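Enquirer: Once you've had a glance at the structure underneath, I'll fire off some questions.
The values are calculated or read from the model by the stated rules, or taken from the named source; none is laboratory data. Worth saying up front: this structure is predicted, and the values here are computed from it rather than measured. Note that we place each Cβ from the backbone using ideal geometry, even for glycine, and neighbour counts take in every protein chain shown. Note: accessible area is taken over every heavy atom of the protein model, side chains too, but ligands, DNA and RNA are not part of it. Shrake-Rupley method; radii C 1.70, N 1.55, O 1.52, S 1.80 Å.
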Amino acid sequence: MGANLVFYEVGLDMRPVNLPDGNDVRAVLAVNYFGFSQDMLPFRIYCEHHGAALIEDNAHGYLSCDETGS
């Protein structure tokens, strides 16, 4: 499909340290590490700015919920 994978660094708190710069980003996969949900706001802001789709990997989610508690 012509996609190139670019990995982003996360800090000890599992938040993204840096996300790729450039307008060729079409999708971002946000992973909920070890079953704990990520703060999706940095990813949403990044995706809105770059016009990219946001995909949340919650395959190992445990007691996770969105910002409204759902």
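Enquirer: Does Pro42 meet the test of being open to solvent by less than 70 Å² (accessible area, probe 1.4 Å) and either outside any loop (DSSP other than H, G, I, E, B) or in contact (Cβ under 8 Å) with a residue 24 or more places away in the chain (or both)? Please lay out each step first, then the result.
Expert: On the way: open to solvent by less than 70 Å² (accessible area, probe 1.4 Å): yes; either outside any loop (DSSP other than H, G, I, E, B) or in contact (Cβ under 8 Å) with a residue 24 or more places away in the chain (or both): yes.
Yes, satisfied.
Enquirer: Could you please give the count of residues in segment 2-21 that are open to solvent by less than 70 Å² (accessible area, probe 1.4 Å), in a loop (DSSP other than H, G, I, E, B), closer than 16 Å to Asn32 by Cα and of a type outside the set (A, V, I, L, M, F, W, C)?
Expert: Residues meeting the conditions: 2.
Enquirer: To continue, here is another question. How many residues are of a type in the set (A, V, I, L, M) and touching a helix residue (DSSP H, G or I) at 6+ places or on another chain (Cβ under 9 Å) when one looks only at segment 1-28? Reasoning before the result, please.
Expert: In the first step, residues of segment 1-28 are kept if they are of a type in the set (A, V, I, L, M); the result is 1, 3, 5-6, 10, 12, 14, 17, 19, 25, 27-28.
If we keep only those that are touching a helix residue (DSSP H, G or I) at 6+ places or on another chain (Cβ under 9 Å) too, we end up with 10, 14, 19, 25, 27-28.
Of the residues in segment 1-28, 6 are of a type in the set (A, V, I, L, M) and touching a helix residue (DSSP H, G or I) at 6+ places or on another chain (Cβ under 9 Å).
Enquirer: Restricting to segment 24-67, name every residue that is at pLDDT 85 or above and in contact with a Gly (Cβ under 9 Å, 6 or more places away or on another chain).
Expert: Result: Val25, Arg26, His50.
Enquirer: If you check Asn32 against the conditions, is it open to solvent by 70 Å² or more (accessible area, probe 1.4 Å) and of a type in the set (S, T, N, Q)? Talk me through it step by step, then tell me what you get.
Expert: Working: open to solvent by 70 Å² or more (accessible area, probe 1.4 Å): no; of a type in the set (S, T, N, Q): yes.
So Asn32 does not fit the description; no.
Enquirer: Still on this structure, I have one more. Out of all the residues in segment 27-36, which are farther than 19 Å from Leu5 by Cβ and in contact with a Cys (Cβ under 7 Å, 6 or more places away or on another chain)? Outline the logic, then answer.
Expert: Within segment 27-36, the first condition is being farther than 19 Å from Leu5 by Cβ, and the residues that meet it are 34-36.
The answer is none; no residue qualifies.
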